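Below: one structure, written as C-alpha cells.
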Amino acid sequence: MNVAVFSTKRYDREFLNAANASAGHRITYFDEPLERETVALAGEYDAVCIFVNDKADAGVLEALSRGKTRLIALRCTGFNNVDLLAAARFGFKVVRVVTYSPYSVAEHAVALLLALNRKIHRAYNRTRDSNFSLEGLMGFDLYGKTVAVVGTGRIGRVFARIMLGFGCEVIGYDKHPSAEFEALGVRYAQPGEIGARADIISLHCPLTPETHHIINADALSRAKRGALMVNTSRGGLLDTEAAIEALKSGQLGGLAIDVYEQEADLFFRDLSSEIISDDVFQRLLAFPNVIVTGHQAFFTQEALSTICETTINSIGEFAAGQPLSNEIMAQAP
Ligand code: NAD
C-alpha cells in the first residue's frame, strides 16, 4: 500500500518505520497536518494516516474522495476530528488505535495532579534560582480525598486504580456505567455528588457533541470550592473561558491540562520565538495554579510502539481485504 502519513515528527517516523519493517508498505511522511490546504498531497495514496489535530471534516473527505485514498488510519484513540458520516458517504474505511497503553495517559494525569497539588512546577523554578522559600507551595494530602473520574473506560479505570493506591475515595461518572469499574471496589456517584464532594475531578471521556463543554460555567459553579481539575482527554470537554473565570474567583483551585480546545494552532511545535496570539491560552499560562503540557500524555515508548504496530497492522488488514479489527463505524446522530 502507498501510505501518506500526515503531521509527522521524527519519533513518528522512527516508530512507524520499525513497525513497517516487515510489512513493507511504501510510506511517505508529510510534516503538514491534513486539512483543506494540504489534502491535495494525498491524491495518489491508498491510505492516509492522521493524528489528533488533523482535520478530516466533510470538505477534506470530499476532496480526498476524488483521489485514490480509501482508508483513513488514525494513529490515536479519539476520533472527534473525523466526520464519520461523511467518511461513510464517500466510501472510506476508518480505523483507529482502539487501545494502546491506558497507563501512559493515566500515569500522566497522576503526574499532573501531583505537580499541581504540590506545586512542583513552581518549586522546580525556585530551587534553580536558589530560592528555597516554601511560601505558596503548600498542598494537601491526597490520602482520604474524593476523586471523581468522568469517563470510566480504559484510561479512567487505570487512573482510578492508581488513586485508590493513594488512599483516595474514588467515585465515577459514565454514560454507560460498567461492572469493570465497580469491580475495582469503587462506585458510581449519586446525582450531584461529584459537585458536592469531589476534591479532584479528572476527565477521561471522549469528545462528542454530548460531552462538548461538559465542564462549563454551570458545572464549575456546582463544584466543591477549590477543587482541582485534570483534563488529559480532549480540550473541548472544558469551556476554557469559564475555567478562567472560576480560577480567578478561586472557585476552581487549580487546573492541569494536557489538551486544549484550540491546541491545533499551538501544540506539537516549537513556538518559543513566536508571539502567541491566543489570548485565552496566554491568560491560562499566567495563573500560578495552572499547568499545561502539550498533548504528551500518550508519549511513552510502549504507547508509541503499540500505536504504530496497530496502525501498520490495520493497513495490512485493509490491503489483504480482511475484516478491520479496529474499524470505527459511523453512527446515525
Ligand atoms: P474508552 O472508550 O475506553 O473510555 C471512554 C469512556 O467514556 C467510556 O466508558 C464511555 O462510556 C465514556 N463516555 C462516553 N460518552 C460519555 C458521556 N457523554 N459522559 C460520560 N462518559 C462518557 O476510552 P479511553 O481509551 O479510556 O480514552 C478516553 C479518552 O482519552 C479518548 O477518547 C481520548 O479523547 C483521550 N486520550 C487522550 C490522550 C492524550 O495523549 N492526552 C491519549 C489517548 C486518549
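The values are calculated or read from the model by the stated rules, or taken from the named source; none is laboratory data. Bear in mind the structure is a predicted one, so any value in this text is a computation, not a measurement. Virtual Cβ from ideal backbone geometry, glycine too; neighbours counted across all protein chains shown.
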When every residue in the range 244-256 that is touching a residue at least 40 places away in the same chain (Cβ under 8 Å) and either in contact with a Pro (Cβ under 7 Å, 6 or more places away or on another chain) or closer than 13 Å to Ile291 by Cβ (or both) is compared, the one nearest to the ligand (Cβ to nearest atom) is Ala256
Yes/no for Gly253 being crowded, with 18+ Cβ neighbours inside 10 Å, outside the structural domain of Asn81 (by TED's automatic domain parsing) and in a helix (DSSP H, G or I)
no
Restricting attention to the range 144-201, which residues are in a loop (DSSP other than H, G, I, E, B), away from the ligand (no atom under 15 Å from the Cβ) and over 20 Å from Leu238 (Cα atoms)?
Gly144, Lys145, Phe166, Gly167, Cys168, Gly185, Gln190
Just one of (1) under 17 Å from the mean Cα position of the chain (by Cα); (2) within 12 Å of the ligand (Cβ to nearest atom); (3) among the hydrophobic types (A, V, I, L, M, F, W, C) trips up Ala264, so point out which.
(2)
Just checking, does the range 227-235 include any residue being away from the ligand (no atom under 16 Å from the Cβ) and modelled with pLDDT of 95 or more?
yes
Quick count over the range 257-293, residues being in a loop (DSSP other than H, G, I, E, B) and free of Cβ contacts under 8 Å to residues at least 40 places away in the same chain, is 16
Just give me the residues in the range 281-320 being more than 14 Å from the ligand (Cβ to nearest atom) and among the acidic types (Asp, Glu), in sequence order.
Glu309, Glu317
